[in-house]
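A short write-up of the structure that comes next.
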Amino acid sequence: MQLFSIFGDPVSHSRSPLMHNSVFKNLNYKACYTRTHLLDGKELKKTFFDLGLSGANVTVPHKEAAYEACDEVRGFAKKVGVVNTLINENGKLIGYNTDADGFMFSIEEFSNINKVLIIGAGGTAKALSQKFLEESLDVSVLNRSVGRLSYFQEIGCKIFSWDSFTAQQFDLIVNTTSAGLSDDNLPAPKEMIETILEHTNYAADAIYGKLTPFLQLAKERNIPFKDGADMLLGQGVLANELFTNHSLNKEAIKQEMTKSFLY
Ligand code: NDP
């Protein structure tokens, strides 16, 4: 029996145990997934091996600490310096990042995405912008404060503050701000959001568990949209493929994880 866990602070709210155990149980994979409340990110590696884990996920605020803790970091995680999935490979801690690919997975049904606007300039925006650039998309970033935008300009995005933004056509708008998470705020002034939504084919939000005011406006305009639940599902499916060393069918993993969202 293999053991997996999620590390975070807080961690009690995490849906990951439900998602992964649903896959393990229903696809007869001999493993169990638990949660570990970890206060100090520096203790991550020791705790991982003391618990005898085969793999883990990492959530706020330990994703950077997880990157530091790894013996080897692979793929996209290397580029962004952020790890959300850990694998025990013969006693070595190997790090991956499935968040950005999870988002791409969540928008698979959106077609002809070439020009994207990301609202927000935090960690999620960094991961998504890097991924979009890798996919050769035209990426613009709009943020409330100007200071965080220089990173995005350096990697090749167009940048806009609320003052410098001008209306233009996008294929997809993604809200990566925390506006709407525990309040009823929009991620930019209402007139600006309305203009943006008039000129987009699709909308997405990283926030899950509620219809944010941003998605509410998209819905009213009949714009196809995705909330963050699909991103959460997407990163989970990809992490589970790594946990089970690709021995389970991806579509079957997705089906079982999707069912866990109904509990
Ligand atoms: P960060 O704290 O790194 O960044 C937050 C961003 O939001 C900043 O750009 C900030 O702007 C902006 N912001 C915050 N409040 C407002 C507001 N009222 N109006 C406009 N802009 C605002 O956060 P993360 O990138 O780590 O997370 C962002 C969101 O994504 C969270 O809600 C999180 O829950 C969600 N998330 C979802 C995941 C999933 O699997 N579905 C995975 C990861 C994150 P400024 O620079 O001006 O302060």
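Counting just the residues of the stretch 57-111 that are assigned to a strand (DSSP E or B) and among the aliphatic types (A, V, I, L, M), which one comes out nearest to residue 132 (Cα to Cα)?
Result: 73.
Can you tell me which residue is modelled with the lowest pLDDT among those in the stretch 198-224 that are surrounded by fewer than 21 Cβ atoms within 10 Å (Cβ to Cβ) and within 16 Å of the ligand (Cβ to nearest atom)?
209
Between residues in the stretch 129-143 that are under 18 Å from residue 112 (Cβ atoms) and residues that are of a type in the set (Lys, Arg) and part of a strand (DSSP E or B), which pairs lie under 8 Å by C-beta distance while being six or more apart or on different chains?
Listed by first residue and then by second, the contacts come to 137/115; 138/115; 138/158; 139/158; 140/115; 140/158.
Identify, from the list 44, 53, 93, the residue that is of a type in the set (A, V, I, L, M, F, W, C) and out of contact with any Asp or Glu (no Cβ under 9 Å at 6 or more places or on another chain). Walk me through how you get there before you give the answer.
Values: 44 fails: out of contact with any Asp or Glu (no Cβ under 9 Å at 6 or more places or on another chain); 93 fails: out of contact with any Asp or Glu (no Cβ under 9 Å at 6 or more places or on another chain).
None of the other options fit; the residue is 53.
Tally time: how many residues in the stretch 138-160 are within 14 Å of the ligand (Cβ to nearest atom) and loosely packed, with under 15 Cβ neighbours inside 10 Å?
The number of residues fulfilling the criteria is 4.
Count, please, the residues in the stretch 102-119 that happen to be under 16 Å from the mean Cα position of the chain (by Cα) and within 14 Å of the ligand (Cβ to nearest atom).
8
State whether one or more residues within the stretch 103-120 are hydroxyl-bearing (Ser, Thr, Tyr), in contact (Cβ under 8 Å) with a residue 40 or more places away in the chain and touching a Phe, Trp or Tyr at 6+ places or on another chain (Cβ under 9 Å).
No.
For the stretch 157-216, give me each residue that is among the β-branched types (Val, Ile, Thr), within 18 Å of residue 124 (Cα to Cα) and touching a residue at least 40 places away in the same chain (Cβ under 8 Å).
173, 174, 176, 177
Do any strands (runs of 3 or more DSSP E) lying entirely in the stretch 147-263 carry at least 3 residues that are over 21 Å from the mean Cα position of the chain (by Cα), and which ones are they?
Strands (runs of 3 or more DSSP E) meeting the threshold: 158-161.
The values are calculated or read from the model by the stated rules, or taken from the named source; none is laboratory data. Just so it is clear, the structure is predicted and the values come from calculations on it, not from any experiment. So basically every Cβ, Gly included, is an ideal-geometry build from the backbone, and we count neighbours across all protein chains shown.
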